[in-house]
Amino acid sequence: MAVVSLLKCTTYSVDVLKAKILEGLMLIAFDPDRFDGARVALKPNLLSAVAPDSAVVTHPHFFQAVAEIVIDHGGRPVLIESPAVVSLGNAMRKAGYLPIIDKLGIEVADLDAVEKISCEDARMFTYFEISRAFFNVDIIVNIPKFKTHGLTYITAAVKNLFGAVPGMRKSQMHLRFPDKREFSEHILDLYGAFLTGFAEKKTMLHILDAVVSLQGEGPGTSGSPTETGAIIIGEDALAVDCTAVRLTGLDMNHAATLIMGFTRDFGVSSPDDIQVTGESIDDMRVHDFVPAKSTGVPVFLRWTLARKIMKNLFVEKPLPMQSACILCYQCRLICPADAISAAGKKKRVPQFDYHRCIRCFCCREICPQGAITLKRGAMQWLLMRR
Ligand code: SF4
Ligand code: SF4
C-alpha cells in the first residue's frame, strides 16, 4: 500500500506552500530531518523558456518552498533539469528561478556530464544516459507540474523524470518510439532505472504542483492554466499520478504510463493499492478538467503509420498558425523526424512535411507562442465515433 497526501492549496505564497508541504510530508510519514546532511536533487519541470503563469513549468515559488524546506532541515539542494531546446539558464530566467537560485545559493548541476543507468526488467530500453548529477545525490525530490499531454495524455511525476535525459536526446527517443504505448513503456523503463539502477537505492520523493494545472492542449503553451488547488506528495510516482488523474476526473484508461505502470513491479498495481491521506478526493474533485484532444495513434491503426496516406487521413497533424508564429524555429530544432523546414516565400510559418512527421507533437510542446494547432485527419471522424 502506497500512502499519498493530498493538500488543498490555492496560492503560490511561499510561506503557505511550505506549511502545506511540511504537513504533506508528515502525513506520508516522511521525516524532513532525513534531509539533514544530505545532498538533495531538486528536479522541477522547466520544459522551456516560458513565464510561470503559463502553467507549463513548475511554479518558481513552489520550487522555492521545497528548496527552503530542504535547507531549513540541513540539506544541500542541487537543481537538476535539462530543457529540450533552450538553455537551462534561459528557462530559469524566464520562469523566475534565477533570483531564487541566487538568494538561496542553490547549486545548479552541470548538464553536459552524463552517465549510463540501467533498468532491470526493461521492456523497451535497457540503458539511459542521464545527468551524472543524479548519481552524486542522496535523495531525489521530483517536483513536477500536473499537465495534459498530447501524446501521453498526462505528464506528472513519472513523465517529469524524462527531463533527466539531457537536451535533444529526448526528441531522438520520440523517433525511436513514436507510438504512445511504446513511448510510455520507455518512460516507465526510465522510472524503473531510477528505482533500481543506482548502486545504492536512492530515496525518491514526488511533490506535485497541481495548485494551477495545465488543461487542454498541453504540455506546452497551447494548453490553458486552470486552478486545481492541490499539492500531492508521495514516494511512489505512480500513486501520485493516479491521485492527480482521479482528482481531475480524467480517464485513467488513457493515461498509458499509469495503466502500463500498474503492470510493472514498481510499487502500486492498482488504485486500490493507494491510501490517500489529508483531504479526500471527493471533497476536492475538479470538475470540467479538459483533456488534450490528441492522444496519439490508436493501437489498431499502428500499421497505418507505415502508409503515408493512411496516416494523414486518420491522425491529427501539427499545423503552424501564421497569426502567432514568430519564426523562432524551436520547433525545427526539436523535430526528431527532420520534418520541419524554413518558411517559404508565400507563408511566414515553417513548412511541415506530414509524410515524414511521426506525430510526436514535440513541436507543439516546445513552441513558445502556442502557435501550433492540431488539424484532424480527413477521415478522423471514423475514430471519433468509436
Ligand atoms: S511554430 Fe512556434 S516554434 Fe515554430 S517557428 Fe513558429 S513560433 Fe517558433
Ligand atoms: S513535425 Fe512536430 S509532430 Fe511531426 S515529427 Fe516533427 S516534432 Fe513531431
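What follows is calculated from the coordinates using simple rules that are stated; it is not laboratory data. Keep in mind it's a predicted model, so treat the numbers as computed, not measured. Cβ sites come from the backbone with ideal geometry, for glycine too, and all protein chains shown count toward neighbours.
Along the charge dipole of the chain, pointing to its positive end and built from +1/-1 on Cβ of Lys, Arg, Asp and Glu, which listed residue (224, 261, 343) has its Cα farthest out?
In the chain, that residue is 343.
Taking the Cα centroid of region 203-234 and of region 251-268, what is the distance between the two, rounded to the nearest whole Å?
18 Å
Nothing charged except the Cβ atoms of Lys and Arg (+1) and of Asp and Glu (-1): what's the magnitude of the dipole of the chain about its Cα centre? Round to the nearest 20 debye. Write down the numbers at each step before the final one.
Details: 44 positive and 41 negative charges, 524 e Å.
Computed charge dipole of the chain: roughly 2520 debye.
Rounded to the nearest whole Å³, what is the per residue volume of the convex hull around the Cα atoms of region 1-83? Could you put the intermediate results ahead of the total?
Values: hull volume 9.2 nm³, N = 83.
About 111 Å³ per residue, rounded to a whole number.
Given charges of +1 on the Cβ of Lys and Arg and -1 on the Cβ of Asp and Glu, with all other atoms neutral, how large is the dipole of region 36-166 about its Cα centre, in debye to the nearest 20?
On the way: 12 positive and 14 negative charges, 81 e Å.
Here region 36-166 has a charge dipole of around 400 debye.
Nearest 20 debye, what's the magnitude of the dipole of region 93-188 about its Cα centre given +1 on Lys and Arg Cβ and -1 on Asp and Glu Cβ?
Details: 14 positive and 12 negative charges, 110 e Å.
Dipole about the Cα centre, nearest 20: 520 debye.
Say each of residue 375 and residue 328 gets a label point 7 Å from the Cα, pointing the same way as Cα to Cβ; how far apart are those two points in nm?
That separation, rounded to one decimal, is 2.3 nm.
Would you mind computing, in nm to one decimal, how far apart the modelled labels at residue 108 and residue 168 are, each placed 7 Å from Cα along Cα→Cβ?
So the two model labels end up 2.1 nm from each other.
Show me, for region 52-57, the HN-Hα J-couplings you get by feeding each phi into the Karplus relation (A = 6.51, B = -1.76, C = 1.60, θ = phi - 60°), rounded to Hz, glycine and proline as x.
x, 6, 6, 6, 8, 10
Just to verify a number: FRET efficiency for residue 15 and residue 321, C-beta to C-beta distance, R0 = 41 Å, to 0.05?
The computed FRET efficiency comes out at 0.50.
Once a ≥ b ≥ c are taken as the square roots of the eigenvalues of the Cα gyration tensor of region 325-371, is the result rounded (a/c under 1.5), prolate (a/b larger than b/c) or oblate (a/b not larger than b/c)? Walk me through the numbers before you get to the answer.
Values: a/c = 2.01, a/b = 1.15, b/c = 1.74.
Oblate, because a/c is 1.5 or more while a/b does not exceed b/c.
Identify all lysines with a Cα-Cα distance to residue 317 below 17 Å; exclude those on the same chain that are fewer than 8 residues away in sequence.
Within reach: 180, 293, 308, 375.
Hey, if you put +1 on the Cβ of every Lys and Arg and -1 on every Asp and Glu Cβ in the chain, which of 1, 178, 80 ends up farthest toward the positive end of that dipole?
178
Would you mind classifying region 1-157 by shape? Square roots of the alpha carbon gyration tensor eigenvalues, ordered a ≥ b ≥ c; an a/c under 1.5 is rounded, otherwise it is prolate if a/b is larger than b/c and oblate if not. Could the numbers behind the result be given before it?
Working: a/c = 1.25, a/b = 1.15, b/c = 1.09.
It is rounded, given that a/c, with a ≥ b ≥ c, falls under 1.5.
Could you tell me the relative contact order of region 2-284? Use alpha-carbon pairs under 8 Å, at least six residues apart, and round to a whole percent. Intermediate results must be reported in sequence, preceding the final value.
Working: 640 pairs, mean separation 71.8, N = 283.
Result for region 2-284 is 25 percent.
Show log10 I(q)/I(0) for the chain at q = 0.07, 0.14 Å⁻¹, two decimals, from a solvent-free Debye sum over equal Cα scatterers.
Scattering profile of the chain, log10 relative to I(0): -0.29, -1.22.
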